[in-house]
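*Asks:* The structure's right below; bear with me while I get my questions together.
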Amino acid sequence: MSEPMIAIQGLTKRFSTADGRKHLAIDDVNVEVAEGEFVSILGPSGCGKSTLLYMVGGFVAPSAGAITVQGRPVTGPGPDRGPVFQEFALFPWKTVLENVMYGLRQQGVSKAEAEARARALLDMVHLKDFADFYPKELSGGMRQRVAIARTLAYQPQILLMDEPFGALDAHTRTVLQNELLGIWERDRKTVLFVTHGVDEAVFLSDRVVVMTRAPGRIKKVVEIDLPRPRVRAELLVNRRYQEYIVELEQLIEDVHLEAAGA
Amino acid sequence: MKSALRKLGPAASTVLSLGALLVLWEILARLAQIDGFPPATEALVQVPLILGERESLASIGASLWRMFLGGALALCFAVPVGLAMGRNKRIAQALNPVLTAAYPIPKAALMPIIMLWFGVGDLSKVLVIFLGVSLPLIYHSFHGAHAVDEKLLWSAMAMGMKPVARLFKVVLPSALPDVLLGCRVGLAMALIVMISSEMIARQSGAGDLLFNALDMALYGDVYAMIVILAAIGFVLDWVFERVRRRLVHWAESRQDAMVPGGGV
């Protein structure tokens, strides 16, 4: 097998709380993600799954263990790993178009080319008429579309998505999941996707990593063997899809029970 | 009545409330019949007379010039200090106690000491205005920089933006609404300190005019000067508010609630 896109070995993260106690957030996590694979990290809130993603992004330093991307150790953030946050994190003082152009301009792409590429991406996320709007004028779903376009613009090899649809209403979430799948099925970037939604994880992923809580450890890795392109209406009546949902719901419930019992 | 007021808009409501204040002043003064409390009409007729005198205009101009200098110096000094405190824990820990201790001191109270060092001239007054404006400006810049969304910085880092560029392209614009709020507080502070410094170091300026009139029992002039100062404050704030809105039109509104005269 070829080298994994992302290799996480013995990853551990300890925080010091305000009163000086040590809190073990992530404990000895080992994951490998292949190129072009869509992997979700599923777990209850407070299981450290976002922290795990931030460490892959290079935003947070691990306490122990190693992360390599294409064989190179992660020492900080880089344009090979594009983050998409639940809070969108758009630059509010820039227009939609300027936001999407920003990463390209940072990398020295000419203004004309950056604008052309940004406009094409806005077209793809159905926002071409909103190029001159400011983020505050957009709905949550539109903001997240801009954020995805902004990250796709500088062509990272890996998308790091931190509960990207968590702040959206149920309908918008479904629409954006479909759009994300559409985009992903076209260019097959490697995606690490953090979520606490079981159906979201099954619908999108090739593999789902289920995590325990406090400390966050890997409980189980579930391979999602469902045909692509995936169509929600077809999956809902698909027996295997339903079994995955039940299996993962059960695992999450176990995690909750274990946490309550501990 | 309410809907009629609303239709008139903020400008008309400002005129209405100021007009009501003047009428109230006039009535109370006529009822009270005290020397030190002349009616509005008697005070207001002095306003054009004061503004018509070259000497008093020059005095007011000199005051505003010192205020501008002190404010500009404060801007150059306080904003970088506040932003640095907001982004660096050690700098914040070192300076925060000083800031907290200095904040409640009336800056005019420092005037005697500053006068001992720098005399009664312009320098002392500019310095004390600088101090008065600096503190709120540092405070608000500090909070603005401290509250910068970490994810914005991360997004910029992932794009490959270097630390110095992040300071100017992410931290500064993020903190701008707070910095400008500090500027507005600083503007009011500058006016107050400007007048009080001139009351203490009586040599020239609007505060000097005011107290000269008081010494000579020209109460109409005293009140006229207060009206002029209020008008200056009002106009400066109005202009600043226009500039501020233009600069941070992109920000989610959250500070407008405390703006005087903003909305009915």
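*Asks:* Give me the percent of DSSP beta bridges within the protein assembly as shown that run antiparallel, rounded to the nearest 5.
*Replies:* Working: 20 of 41 bridges.
Rounded to the nearest five, the antiparallel share is 50 percent.
*Asks:* Okay, next question. Evaluate the charge dipole of chain A about its Cα centre and quote only its size in Debye, nearest 20, assuming +1 on the Cβ of each Lys and Arg and -1 on the Cβ of each Asp and Glu. Please report the intermediate quantities before stating the final value.
*Replies:* Details: 31 positive and 34 negative charges, 122 e Å.
That gives a dipole near 580 debye.
*Asks:* Additional query: Whole-Hz ³J(HN,Hα) for each residue in the stretch B:168-185, computed from phi via Karplus 6.51 cos²θ - 1.76 cosθ + 1.60 with θ = phi - 60°, x for glycine and proline: what do you get?
*Replies:* 8, 9, 10, 5, 4, x, 4, 7, 3, x, 5, 4, 5, 4, x, 4, 5, 4
*Asks:* Which value in Å does the Kirkwood hydrodynamic radius of the stretch A:1-52 take, with 1/r averaged over all unlike C-alpha pairs and then inverted? Each step should come with its number before you reach the end.
*Replies:* Details: mean 1/r = 0.0785 Å⁻¹.
In the stretch A:1-52 this quantity evaluates to 12.7 Å.
*Asks:* If you don't mind, there's one more thing I want to ask. Give, rounded to the nearest 20 debye, the magnitude of the charge dipole that the protein assembly as shown has about its Cα centre when Lys and Arg contribute +1 at Cβ and Asp and Glu contribute -1 at Cβ.
*Replies:* Values: 53 positive and 51 negative charges, 126 e Å.
Here the protein assembly as shown has a charge dipole of around 600 debye.
*Asks:* Can you check what the net charge comes to around B:Gln33, using other residues whose Cβ is under 14 Å from the Cβ of B:Gln33 (Lys, Arg +1; Asp, Glu -1)?
*Replies:* Working: positive: B:Arg30; negative: B:Glu26, B:Asp35, B:Glu42.
Neighbourhood net charge equals -2.
*Asks:* Then there is this: Between A:Gln157 and A:Ser16, 0.36 nm times their residue separation minus their Cα-Cα distance comes to what?
*Replies:* Details: separation 141, 0.36 × 141 = 50.76 nm, distance 3.30 nm.
Extra length from A:Gln157 to A:Ser16 when fully extended: 47.5 nm.
*Asks:* Can you give the log10 of the normalised intensity I(q)/I(0) at q = 0.07, 0.09, 0.13, 0.15 Å⁻¹, computed with Debye over equal Cα scatterers of chain B?
*Replies:* -0.33, -0.53, -0.98, -1.16
*Asks:* Just tell me which lysines come within less than 23 Å, Cα to Cα, of A:Lys49; anything on the same chain fewer than 8 places away is out.
*Replies:* A:Lys13, A:Lys22, A:Lys189, A:Lys219, A:Lys220, B:Lys151
*Asks:* What are the extents of the Cα atoms of the protein assembly as shown along their three principal axes, listed from largest to smallest and rounded to whole Å?
*Replies:* 96, 55, 54
*Asks:* Another question about this same structure. Can you tell me the orientation of helix A:170-187 relative to chain A, as the angle in degrees between its alpha-carbon axis and the longest Cα principal axis, to the nearest 10?
*Replies:* 80
*Asks:* Could you work out how far the C-alpha centroid of the stretch A:54-129 sits from that of the stretch B:99-129, in angstrom?
*Replies:* With the stretch A:54-129 and the stretch B:99-129 each reduced to a Cα centre, they are spaced 49 Å.
*Asks:* Another question, then. More than 29 angstrom separation, counting every C-alpha pair in chain A; what % is that?
*Replies:* Tail of P(r) above 29 Å: 33 percent of Cα pairs.
*Asks:* Counting other beta carbons within 10 Å of each residue's own, what order do A:Thr174, B:Thr41, A:Thr75 fall into, fewest first?
*Replies:* Values: A:Thr174 16, B:Thr41 13, A:Thr75 9.
Ascending number of Cβ neighbours within 10 Å: A:Thr75, B:Thr41, A:Thr174.
*Asks:* Mind putting together the pair-distance distribution for the stretch A:88-155? All Cα pairs, 5 Å bins, whole percent per bin, short to long.
*Replies:* With 5 Å bins starting at 0, P(r) equals 4, 22, 35, 25, 11, 2, 0.
*Asks:* Using +1 at the C-beta of Lys and Arg and -1 at the C-beta of Asp and Glu, which of B:Leu51, B:His249, B:Thr41 has the Cα lying farthest in the positive direction of the dipole of chain B?
*Replies:* In chain B, that residue is B:His249.
*Asks:* Here is a follow-up. Need one word for the stretch A:6-131: rounded, prolate or oblate. Basis is the Cα gyration tensor (sqrt eigenvalues a ≥ b ≥ c); a/c below 1.5 gives rounded, then a/b vs b/c decides. All intermediate terms of the calculation are to be shown ahead of the outcome.
*Replies:* On the way: a/c = 2.34, a/b = 1.92, b/c = 1.22.
Prolate, since a/c reaches 1.5 and a/b exceeds b/c.
Every read-out reported here was derived from the displayed coordinates using simple, explicitly stated rules and does not represent laboratory data. Note that the coordinates shown come from a computational prediction; the quantities given were computed from them, not determined experimentally. For neighbour counting, all protein chains shown are included, and Cβ atoms are generated from backbone atoms with ideal geometry for every residue, glycine included.
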